[in-house]
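Contents: one structure, followed by commentary.
The values are calculated or read from the model by the stated rules, or taken from the named source; none is laboratory data. Quantities reported herein were computed from a predicted structural model and do not represent experimental measurements. All Cβ positions, glycine included, derive from the backbone under ideal geometry; neighbour counts span all protein chains shown. All accessible areas refer to the heavy atoms of the entire protein, side chains included, with ligands and DNA or RNA removed. Shrake-Rupley method; radii C 1.70, N 1.55, O 1.52, S 1.80 Å.
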Amino acid sequence: MSTGNREEFDVVVVGGGPGGSTLATLVAMQGHRVLILEKESFPRYQIGESLLPSTIHGVCRLTGVTDELANAGFPLKRGGTLRWGANPDPWTFAFSVSQKTASATSFAYQVERSKFDSILLNNARAKGVEVRERCAVGDVIEDGERVRGVTYTDPEGNGREIVAKYVVDASGNSSRLYKRVGGTREYSEFFRSLALFGYFENGKRLPAPNSGNILSAAFKSGWFWYIPLSDTLTSVGAVVRREDAGKIQGDQEQALATLIDECPIIKDYLADATRVSEGQYGQLRVRKDYSYHNTVFWKPGMVLVGDAACFVDPVFSSGVHLATYSALLAARSINSVLAGLVEEKPAFTEFEARYRREYGVFYEFLMSFYDMHVDESSYFWSAKKVTRNTHTELESFVELVAGLSSTEFALDDAESAALRFKTRSSEFADAVDDLVEDEENSMVPLFKSSVVRQAMQEGAQVQTHALLGEDAEAEAPMFPGGLVASTDGMFWQVSTES
Ligand SMILES: Cc1cc2nc3c(=O)[nH]c(=O)nc-3n(C[C@H](O)[C@H](O)[C@H](O)COP(=O)(O)OP(=O)(O)OC[C@H]3O[C@@H](n4cnc5c(N)ncnc54)[C@H](O)[C@@H]3O)c2cc1C
């Protein structure tokens, strides 16, 4: 409905990235009127190119875009190859438990985000979402009780208003809209790094069948990502400590070349490559302060998904997973409330608890990753030794998941968190050592380690919903007295288990 410059929708979504388009699609599929306001004109550049299987085979299956992604020609990512930890040789982590048992869903893609995000946004349009590009949201409209809509500027520069039952902030890390849910944004001291990145043509590829893997290589000043985006195009980024910001100031071209020189495997892979100097990949870019979480994820009438709510370090490619997974959780909450199935408070409490838990799982997993690197002489790596640190980082982790009563997260103080972390991260490091020694390249020891099992668990659950639908087994609540997902994955419902 429209009166003057004010229109009404059921849901207005700010931002058309993976979080926004996924949420909008899942809500529009239930017959609701959904509008996405996106400030850029797509296709637009974004970092975050290495995906996880649960995004492709779980959430993207639920939004009905899997086949289109399969036909887009994105390189197949079977896992990650890492020069990381005690062993000087690279080792490979595969999404399948062993090469013999690789299934149709044990892979993800490496994507050019301009293409991937456009596919998702066009799919939202195809599923009934109205999408308006070059429309920048300025603020939310609220009264004392709840958020009631947004104000935005249209492509002609006119100020306009949307009134909606829900405002979804999926505007990523750069917008300030998230402040309107209240709370504060807490930046991680531990993951406080900077990334300097660019694109190369004709870099080397890992040997088959791992040529589509992300290659992550630790070196004295930090670590590199090396992501194949096509047969010839590679995304290359160096992550360094914030205290070493000086290393990437001044001439960035020279800075990247110097860092590459410090890392033998990346130097070798780029020996015959040239840096792309034109188009969307033509410039070097820097990102900093990118690991944070907000203390509040929703308030009546408004919810945060994706980077608007939280993000943690790119080492295990969890950003798009967390954005699309949180979009699925928030869509369930909105769908359930709009259908009158569940009250707003329990629906969004379930959303926030599950989202925080998944973020916490990755946070802990990534700390284990950093804890594993052994290079006594490097300041970057010794500063990243969690188990040797004071407990500040573990304290923030406890705060992060505080209030969650899941048995996995029954942490009541930093001491017990430290003990638990020490055991789990050494179990993880041992599993990696076994992996390096195992000629069959079986993933069993890795998948048995607690941090890996946890990190893969919820993604596997989402994939099960997407693949089996009505045939999926009823799940148990994640939290005592909590809600469970309906078998089609689109709603919350009260558990039939007592
Ligand atoms: C260095 C680095 C490397 C990374 N590598 C990976 C990786 O390998 N794999 C991975 O999965 N993730 C990675 N990430 C994370 C990934 O970039 C993000 O987690 C992901 O893009 C989040 O998706 P989103 O939908 O929440 O936000 P975005 O993708 O940022 O989308 C937000 C959208 O909102 C729009 N917008 C912003 N403000 C407004 C406004 N006021 N009005 C209207 N629209 C607005 C923006 O234009 C944008 O299109 C990396 C991040 C960093 C910093």
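Numbers at a glance
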| item | result |
| --- | --- |
| In region 1-31, the residues that are outside any strand (DSSP E or B), open to solvent by 40 Å² or more (accessible area, probe 1.4 Å) and modelled with pLDDT of 95 or more | Met29, Gln30, Gly31 |
| Per-region count, region 284-314, residues open to solvent by less than 10 Å² (accessible area, probe 1.4 Å), over 20 Å from Gly182 (Cα atoms) and among the aliphatic types (A, V, I, L, M) | 1 |
| Unique residue being open to solvent by 30 Å² or more (accessible area, probe 1.4 Å) and in a helix (DSSP H, G or I) when the list is Val361, Val337 | Val337 |
| Filter result for Ala164 (under 15 Å from Arg6 (Cβ atoms) and either open to solvent by 40 Å² or more (accessible area, probe 1.4 Å) or small (Gly, Ala, Ser) (or both)) | yes |
| Wholly enclosed strands (runs of 3 or more DSSP E) of region 204-309 bearing at least 2 residues within 16 Å of the ligand (Cβ to nearest atom) and under 30 Å from Asp139 (Cα atoms) | 285-288, 292-294, 302-304 |
| Residues located in region 244-261, provided they are open to solvent by 70 Å² or more (accessible area, probe 1.4 Å) and either modelled with pLDDT of 90 or more or of a type in the set (Lys, Arg) (or both) | Lys247, Asp251, Glu253, Gln254, Asp261 |
| Test: residue in region 92-106 that is in a helix (DSSP H, G or I), modelled with pLDDT of 95 or more and more than 13 Å from the ligand (Cβ to nearest atom) | no |
| Condition check for Glu145: at negative phi and loosely packed, with under 15 Cβ neighbours inside 10 Å | yes |
| Hits in region 32-44 (condition: within 11 Å of the ligand (Cβ to nearest atom) and open to solvent by 50 Å² or more (accessible area, probe 1.4 Å)) | Lys39, Glu40, Ser41, Pro43 |
| Condition check for Val181: in contact with an Asp or Glu (Cβ under 9 Å, 6 or more places away or on another chain) and near the ligand (Cβ under 9 Å from one of its atoms) | no |
| Flag if Phe42 is in contact with a strand residue (DSSP E or B) (Cβ under 6 Å, 6 or more places away or on another chain) and not hydroxyl-bearing (Ser, Thr, Tyr) | no |
